[in-house]
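What follows is a short report on a single structure.
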Amino acid sequence: MMQNTEKMIKAGTYKTQQRRLLLKMLAAFPLGLALPAVSAANTMSGMVKIPPIPENILSPEAALERLMKGNERYVTNQSTPLNFKDERLDLVRGQNPFACILSCSDSRVSPEFCFDEQRGDLFVARVAGNYITTDFIATLEYAAAVLHVPLIMVLGHEGCGAIQAAIDATDNYEQFPGHIQTIATALTPAVRAVRRTPDYVASNRYFEVVEKNVILNVEELRKQPPILSRLVDNKKLMIVGGVYHLKTGKVELIS
């Protein structure tokens with residue numbers, strides 16, 4: 001008898017959680033817009049699973065707006081307090097991030113912090129120099145095609161050691177040990193794209209290379225077949241570039 005009662009209580013609790021998630025999902029959409037490929041009837045009947053984080057179902061434009069508003073909160077010291085306890089059960093069921101960030105591995109740049117987001121909100125791929133390889137393209141394709149992320153941002157930053165290494169390797173023929181040279185070589189196109197004039201200011205040219213590296217990778221991703229380019233053409237995916245400023249924490253959109 002006690003076991004049956006416990007089962008009934010658990011079942012009732014589960015249904016209550018499902019109803020709450022459905023209401024959150026419905027609240028995330030403007031009036032007059034239907035949920036994509038999901039009806040309320042199917043959701044309530046259990047035929048379609050509710051995403052772990054329903055409010056993360058956004059258009060590309062809305063995703064970018066949310067991302068930049070989060071950065072504004074971070075810059076003005078108004079970040080939302082982290083709450084790991086309440087999100088754990090939702091995230092056990094899966095992930096539903098609203099944006100993907102290809103960023104540098106620099107320990108001073110943390111996408112979840114600088115965009116004021118919780119776990120499960122951002123799908124982050126990191127490598128020194130924030131440049132694309134076959135593996136990273138596959139990672140971003142997974143985010144876009146499987147997780148249905150509507151936004152990808154390539155995020156560079158001030159004070160990037162990988163960019164400085166690429167400049168030293170290109171301008172001064174400096175060689176680096178181990179596989180570090182691979183990174184410098186991969187970033188060479190950005191260095192060569194920024195002209196080195198006789199009266200150039202090193203700091204200005206350095207930042208131009210940081211920006212150029214972001215722009216080149218954004219352009220490459222936008223035309224990357226077969227998945228990313230198709231989603232971009234169909235307006236289901238937006239790919240943008242940004243640069244993180246270490247002194248202020250502000251992310252500047254550049255592409």
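Just so it is clear, none of the values below were taken in a lab; they were calculated from the coordinates. Just so it is clear, the structure is predicted and the values come from calculations on it, not from any experiment. Because the Cβ atoms are built from the backbone with ideal geometry, glycine has one as well, and the counts that use them run over all protein chains shown.
Here are the numbers:
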| read-out | value |
| --- | --- |
| Packing-based exposure ordering (other Cβ within 10 Å, fewest first) of VAL75, VAL210, VAL201 | VAL201, VAL75, VAL210 |
| Contact order relative to length of segment 206-255, as percent, for alpha carbon pairs under 8 angstrom and 6 or more apart | 32 percent |
| Separation in nanometres of the label points that stand 7 Å from Cα toward Cβ, at SER229 and LEU246 | 3.7 nm |
| Amide H within-cut-off set for PHE176, under 5 Å, with H built and near neighbours excluded | GLN181 |
| Neighbour-count order for TYR206, TYR74, fewest beta carbons within 10 angstrom listed first | TYR206, TYR74 |
| Net charge, ASP106 excluded, C-beta distance under 14 Å - Lys, Arg +1, Asp, Glu -1 | +1 |
| Translational D in µm²/s for segment 211-255 (Stokes-Einstein at 4 °C, 1.567 mPa s, Kirkwood Rh from C-alpha pairs) | 114 µm²/s |
| Cβ-derived FRET efficiency at R0 22 Å, SER110 paired with ASP168, nearest 0.05 | 0.25 |
| Segment 52-253: radius of gyration and largest Cα-Cα distance (Dmax), Å | 17.5, 60 |
| Local net charge near LEU246, Cβ-Cβ under 13 Å (Lys/Arg +1, Asp/Glu -1) | 0 |
